[in-house]
Each structure stands twice: as C-alpha cells, then as structure tokens.
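Only one structure is covered here, and it is reproduced in the block below.
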Amino acid sequence: MQFFLEVTLSGLLSGLMYSLVALGFVLIYKASGVFNFAQGAMVYFAALAVVGLMEKGMPMWAAIIGAFVVMILVGLATERFVLRKLVNQPPITLFMATIGLTFFLEGLGPLLFGSEVRPIDLGIVDEPIQSVMDSVGIGLSKFDLFASGMVVALVAALALFFQRTKVGRALRAVADDHQAALSLGIPLQHIWAVVWGVAGFVALIAGLLWGSRNGVQFALTMTALKALPVLILGGFTSIPGAIVGGLIIGASEKLAEIYIPPVMQDAFGGNFGGIEGWFPYVFALLFLLVRPEGLFGERHIDRV
C-alpha cells in the first residue's frame, strides 16, 4: 500500500505539470475558439529565451523578465499579424495557421538563442524530502512539490484575474458569446491579444519547469502532445478541467507503467515496456467514447 501511495502521489504531481501546458490551450480556445497547436513550440521558445538571455550575461531573474516580455510580444504579434487577418475564417483555417506558427517558432528560437541542450537551474533539486521519507516512508520529490505549488499559485492567480478584473470579465463575456460581446462594445481583438499574452506567460512557466527537469531541448515541443489527453478528459474550455484532467492522466500513467507490464507479460509473454508513452492516449480514446465533451466541457445536444 505504501508503494501504491508513493506511485500515485508521484503521478498526481507530474499530472500538474501536464496541466500547466494544457492551461495554455484552454485559455486560447476558450476565448477565441482556436486550437493553438503552437503551444508546445511556445513552451520551447520561452525556455530558449531564458537560457539564451542568461548566456548573454543576464542574471536569471532578469532573463525570466526578458523572456516574459518576449512571450508577450509573440502573443501580440500572433494576434496582430495572423489572427486579425483571419477573422471569420473557418476554424480549420485558424488551426492551420497555428501549425504554421509552430514551425516558425521552432525555427526562430534556435536561430536566435542556439539549439544545443542546456540546463535551467531553478535551485530546486529533484530528490526526496528527507523528513517525509523518515516519517511516512514516501519519497516526495522536492522539485515535484515546488512545481505543483507553482501550478496551484498560477491557477489561483488566473482565477482571480478572470473573476475580479474588468479585463477578466470581458474575457469571460467573449468566451460565452463573441457576437454578444461585440454588441456590448468589448474590443474582441484586444481581448484576443490579452489572451495570447497570458498564454505566453503560461508557456514561460511551463518552459522553466520542464526545462529544469529535462533540459532545454527540442523535445519540449512534445509537451503539447502530453497535454492532449488532459484536454480530452477535462474539456477544452475548462480551467478546472485542465487541472483535474492532468491529475487523472498523471496518476493513471504512473500506475499503468508499474502494474500493467507484469500482468501483460504473465498473460502473453514478451516485453511490454514503454506503456507510459501510449497509455494516456488509449485512456483518452476510451473516455471520448463515453463523454466526448470531457468532464467539464459543454455538452452539445443535436436538435432534430
């Protein structure tokens, strides 16, 4: 039981890291109806900006601020030069535009900041907390706990932003009905610019945490794929859904990695390693068959 709890807890904490990437998708999709395929590239670009600015002599705190400014500019430029040109176009056109943005950022980042693998040292080591290990015998990682705290703080800040600020209320109005928001005088293009800026900030936090764990490398772009099962479970328009979906995917992935291979080997023989790589997608596929809109998504009812 103790080992089971340790694996589950580790999975839950890792799931919050997936939720962080999923948040960027949710913010943009909720406000504009655009599935931003470039979110993974934004994570990579933000992490590259931090290490690139540090290599130019900036201290880490200044590099993070500089990367934040860069990501805001990326978001504003995306709205101004891409989305604004494609207003009222079919969703597939906007989706294809974000695919183009993905390749643009994946090429621009290494061109500006270099492509070699580099670490980000946030000062938090990925090792068990000794006091917790001694008291309950569970290996709780310092880095996982720190990353989870960052995610919780970010979600709380976003919740306050959406609920308590004038811009946040405008964002919720745009998310509910674009045309109604426009009729009330809410500048849709300005709201989209804010959303893309916030998504850039979320990508920066994700890039810092994932870059600190795995190093700043092109593989960070694949974190977007890890977020897809999270979005399917939680719903594409729900911030709480991104968190709950991440927790479910993280825990189920770790448990499947530990407990499914021995059962499959006993039943069929052979090697069944690497389950953690594909299990979340199978799990999400099965969930789609039961509840396509996700746990917190809006249910669509076809009228006959």
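The values are calculated or read from the model by the stated rules, or taken from the named source; none is laboratory data. Fair warning: this is a prediction, and the values are worked out from it, not measured in the lab. We place every Cβ from the backbone using ideal geometry, glycine too, and count neighbours over all the protein chains shown. With ligands, DNA and RNA removed, areas are computed over all heavy atoms of the protein, side chains included. Shrake-Rupley method; radii C 1.70, N 1.55, O 1.52, S 1.80 Å.
Residue-by-condition table, conditions (1) in contact with a strand residue (DSSP E or B) (Cβ under 8 Å, 6 or more places away or on another chain); (2) charged (D, E, K, R); (3) within 21 Å of Thr221 (Cβ to Cβ):
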residue	(1), (2), (3)
Ser32	no, no, no
Phe35	no, no, yes
Ala46	no, no, yes
Val50	yes, no, yes
Pro59	no, no, no
Val69	no, no, no
Ala77	no, no, yes
Arg84	no, yes, no
Asn88	no, no, no
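This table checks each residue for (1) within 20 Å of Gly100 (Cβ to Cβ); (2) without any contact (Cβ under 8 Å) to a residue 12 or more places away in the chain.
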position	(1), (2)
Ser32	yes, no
Tyr44	yes, no
Leu48	yes, no
Gly52	no, no
Met58	no, yes
Ala63	no, no
Val70	yes, no
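Of all residues in the stretch 94-125, how many are assigned to a helix (DSSP H, G or I) and open to solvent by less than 50 Å² (accessible area, probe 1.4 Å)?
At the first step, the residues of the stretch 94-125 found to be assigned to a helix (DSSP H, G or I) are 94-113.
Now narrow it down to the ones that are open to solvent by less than 50 Å² (accessible area, probe 1.4 Å): 94, 97-102, 105-110, 113.
The qualifying residues number 14.
All but one of (1) part of a helix (DSSP H, G or I); (2) within 22 Å of Leu16 (Cα to Cα); (3) open to solvent by less than 30 Å² (accessible area, probe 1.4 Å); (4) of a type outside the set (A, V, I, L, M, F, W, C) hold for Gly168; which doesn't?
Condition (2) is where Gly168 drops out.
When the residues of the stretch 1-18 are narrowed to those that are open to solvent by less than 20 Å² (accessible area, probe 1.4 Å), of a type outside the set (A, V, I, L, M, F, W, C) and in contact with a Leu (Cβ under 7 Å, 6 or more places away or on another chain), which ends up nearest to Leu255 (Cα to Cα)?
Gly11
Scan the stretch 218-227 and tell me whether some residue there is aromatic (Phe, Trp, Tyr), at pLDDT 85 or above, open to solvent by 50 Å² or more (accessible area, probe 1.4 Å) and under 19 Å from the mean Cα position of the chain (by Cα).
Initial filter on the stretch 218-227 (aromatic (Phe, Trp, Tyr)): 218.
Filter once more, so that each one left must be at pLDDT 85 or above: 218.
Right, trim to open to solvent by 50 Å² or more (accessible area, probe 1.4 Å) and you get 218.
Now narrow it down to the ones that are under 19 Å from the mean Cα position of the chain (by Cα): 218.
Yes - at least one qualifying residue is present in the stretch 218-227.
Given the residues Val174, Val195, Val230, which is the only one that is crowded, with 20+ Cβ neighbours inside 10 Å, of a type in the set (Val, Ile, Thr) and modelled with pLDDT of 85 or more? First the steps, then the outcome.
Details: Val174 fails: modelled with pLDDT of 85 or more; Val195 fails: modelled with pLDDT of 85 or more.
Answer to the selection: Val230.
Looking at the stretch 268-304, which of the residues that are touching a Gly at 6+ places or on another chain (Cβ under 7 Å) and modelled with pLDDT of 75 or more is surrounded by the most Cβ atoms within 10 Å (Cβ to Cβ)? Walk me through it before giving the result.
The initial filter retains those residues of the stretch 268-304 that are touching a Gly at 6+ places or on another chain (Cβ under 7 Å), namely 293-297.
Checking the rest, the ones that are also modelled with pLDDT of 75 or more come to 293-296.
Details: Glu293: 16, Gly294: 24, Leu295: 16, Phe296: 19.
Residue satisfying both the conditions and the ranking: Gly294.
How about the stretch 140-159: which of its residues are open to solvent by 20 Å² or more (accessible area, probe 1.4 Å) and either β-branched (Val, Ile, Thr) or part of a helix (DSSP H, G or I) (or both)? Outline the logic, then answer.
Initially, the stretch 140-159 is screened for residues open to solvent by 20 Å² or more (accessible area, probe 1.4 Å), giving 140, 142, 145-146, 149-150, 152-153, 155-157, 159.
Hits for the stretch 140-159 are Lys142, Leu145, Phe146, Gly149, Met150, Val152, Ala153, Val155, Ala156, Ala157, Ala159.
Would you check if Glu253 is modelled with pLDDT of 85 or more and of a type in the set (D, E, K, R)?
On the way: modelled with pLDDT of 85 or more: yes; of a type in the set (D, E, K, R): yes.
So Glu253 fits the description; yes.
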